[in-house]
1. What about B:I45, is it over 17 Å from the mean Cα position of the chain (by Cα), among the β-branched types (V, I, T) and surrounded by fewer than 23 Cβ atoms within 10 Å (Cβ to Cβ)?
2. Condition first: in a helix (DSSP H, G or I) and either at the interface with chain A (Cβ under 7 Å from one of its Cβ atoms) or open to solvent by 10 Å² or more (accessible area, probe 1.4 Å) (or both). Now tell me which residues in the stretch B:24-39 satisfy that.
3. Could you tell me which numbered condition B:S55 fails, if it satisfies all but one of (1) out of contact with any helix residue (DSSP H, G or I) (no Cβ under 8 Å at 6 or more places or on another chain); (2) part of a loop (DSSP other than H, G, I, E, B)?
4. Restricting the search to the stretch A:35-57, which residues are in contact with a Lys or Arg (Cβ under 7 Å, 6 or more places away or on another chain), surrounded by fewer than 19 Cβ atoms within 10 Å (Cβ to Cβ) and touching a residue at least 24 places away in the same chain (Cβ under 8 Å)?
5. Filter the stretch B:51-60 for residues that are more than 14 Å from chain A (Cβ to nearest Cβ) and open to solvent by less than 20 Å² (accessible area, probe 1.4 Å) and give the result.
6. Check every one of the strands (runs of 3 or more DSSP E) wholly within the stretch B:93-155 and list those with 1 or more residues that are at the interface with chain A (Cβ under 8 Å from one of its Cβ atoms), open to solvent by less than 10 Å² (accessible area, probe 1.4 Å) and not polar (S, T, N, Q).
7. Working carefully through the options A:I111, A:I23, find the one that is more than 10 Å from chain B (Cβ to nearest Cβ), open to solvent by less than 50 Å² (accessible area, probe 1.4 Å) and over 30 Å from B:R148 (Cβ atoms).
8. Select from the stretch A:67-97 the residues that are more than 9 Å from chain B (Cβ to nearest Cβ) and not in a helix (DSSP H, G or I) and list them in ascending order.
Amino acid sequence: MSAVRKFRPKLALTAMMKKAGDISASEALRRADEALHAMEDVCLNAVDVELAGLEQELRTAPQPLEQMYKRGSDIIGLCGGLSAEGLDVAAHSLCDYIDRVLEGEALDVRILGVHVASMRLLHRSQADSAARQEILAGLAKVCAKRA
Amino acid sequence: MSGSFQALEKANILIVDDNNQALEIMAGVLMSFGVRNIVRASNGIDAKELVERQSFDLILTDAQMPEMDGYDFVRWLRREGPEAMRVCPALIITSHTRRSEVFKARDCGANFIVAKPLTPNVLLQRIMWVARSDRMFIECDTYFGPDRRYKNQGPPPEFPEGRRRDDVPIELGEPAEPNLSQDELDNLIKPQKVST
């Protein structure tokens with residue numbers, strides 16, 4: 001059996017966080033929300049580019065699945081700077097589906113299409129929370145039917 | 001959440017992501033927490049070179065990146081990184097974990113794996129957890145990193161509120177159902193024929 005060493009490392013970060021400071025947690029979070037809000041336009045435009053790319057790739061045969069996975073993954077990250085409820089869920093579902101296909105599940109291009117269409121509906125949309133949940137429920141139903 | 005963060009202004013933090021906007025989101029949130037020294041890298045290879053040249057107090061890295069991903073970078077950091085940096089807190093931030101990467105994620109030695117989209121609240125909470133955690137580091141032939149094992153005895157002492165929504169509280173209540181009878185217990189371990 002191999003030797004196991006257990007120890008508690010001393011971290012500079014621990015010492016730093018023990019020191020009292022001027023910025024409270026709530027103030028730090030408020031500032032962070034402001035910073036994210038300031039980035040909203042950049043993130044919206046970046047999602048536009050990724051969605052246009054996905055729509056283009058959907059029409060390509062065979063679909064470049066790795067590239068589409070990457071776009072889905074980037075959209076999830078960009079949602080950090082957006083208030084588009086549900087867009088990250090649809091993008092995550094797309095990544096999940098592509099991952100399953102790359103692992104051997106048969107590809108159904110229509111499912112890719114439903115994902116991209118759902119993301120288009122959720123992006124830059126004035127839809128309220130209930131309408132967004134309805135879109136996501138429809139998407140989940142399609143995914144469940146094909147699983 | 002409580003605490004104050006002027007102290008973070010002295011922290012030297014490395015952030016790694018191949019997506020520029022994602023990198024800026026991370027940097028923007030950290031700057032709001034008072035962090036002044038943020039070093040950016042766009043992939044694991046660049047991050048490796050930076051870690052070999054300077055030391056950091058915290059590393060935040062994306063999981064999926066070309067050439068060297070976040071899991072491989074943290075694994076390298078723990079096993080082959082400069083001595084002073086091997087225990088550096090490292091958070092992996094991931095949009096989606098592929099089924100084939102689940103074990104890689106578990107075994108790379110990261111302190112926490114955080115799901116995107118990144119929210120300030122979650123990021124701040126994880127930084128505080130890492131800073132205040134009393135977790136042991138484990139070094140053996142097959143693993144180097146924070147102890148991954150949590151006994152099924154409620155949440156770890158340093159997080160009495162629990163880390164997950166379904167964590168059982170430390171104080172257990174009354175049983176919800178009556179105890180099993182001796183016959184029921186015997187039946188649980190009774191040898192049974194296997195039909196072929």
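The values are calculated or read from the model by the stated rules, or taken from the named source; none is laboratory data. Keep in mind it's a predicted model, so treat the numbers as computed, not measured. Note: ideal-geometry Cβ built from the backbone for every residue, glycine included; neighbour counts use all protein chains shown. Surface areas here come from the heavy atoms of the whole protein model, side chains and all, with no ligands, DNA or RNA. Shrake-Rupley method; radii C 1.70, N 1.55, O 1.52, S 1.80 Å.
1. Working: over 17 Å from the mean Cα position of the chain (by Cα): yes; among the β-branched types (V, I, T): yes; surrounded by fewer than 23 Cβ atoms within 10 Å (Cβ to Cβ): yes.
Judged against the criteria, B:I45 is a match.
2. Of all residues in the stretch B:24-39, those in a helix (DSSP H, G or I) come to B:24-32.
Once the filter is applied, which keeps residues that are in a helix (DSSP H, G or I) and either at the interface with chain A (Cβ under 7 Å from one of its Cβ atoms) or open to solvent by 10 Å² or more (accessible area, probe 1.4 Å) (or both), the stretch B:24-39 yields B:E24, B:I25, B:G28, B:V29, B:M31, B:S32.
3. (1)
4. Taking the stretch A:35-57 first, the residues in contact with a Lys or Arg (Cβ under 7 Å, 6 or more places away or on another chain) are A:44, A:50-51, A:53-54.
Narrowing further to those that are surrounded by fewer than 19 Cβ atoms within 10 Å (Cβ to Cβ): A:44, A:53.
Within the stretch A:35-57, A:L44 is the sole residue that qualifies.
5. Our first condition is that a residue be more than 14 Å from chain A (Cβ to nearest Cβ); within the stretch B:51-60, this holds for B:51-53.
The one that is more than 14 Å from chain A (Cβ to nearest Cβ) and open to solvent by less than 20 Å² (accessible area, probe 1.4 Å): B:V51.
6. Numbers: elements: B:112-115, B:137-139, B:144-146.
So the answer is B:137-139.
7. Exactly one of A:I111, A:I23 is more than 10 Å from chain B (Cβ to nearest Cβ), open to solvent by less than 50 Å² (accessible area, probe 1.4 Å) and over 30 Å from B:R148 (Cβ atoms), namely A:I111.
8. Of everything in the stretch A:67-97, those that are more than 9 Å from chain B (Cβ to nearest Cβ) and not in a helix (DSSP H, G or I) turn out to be A:S83, A:A84, A:E85, A:G86.
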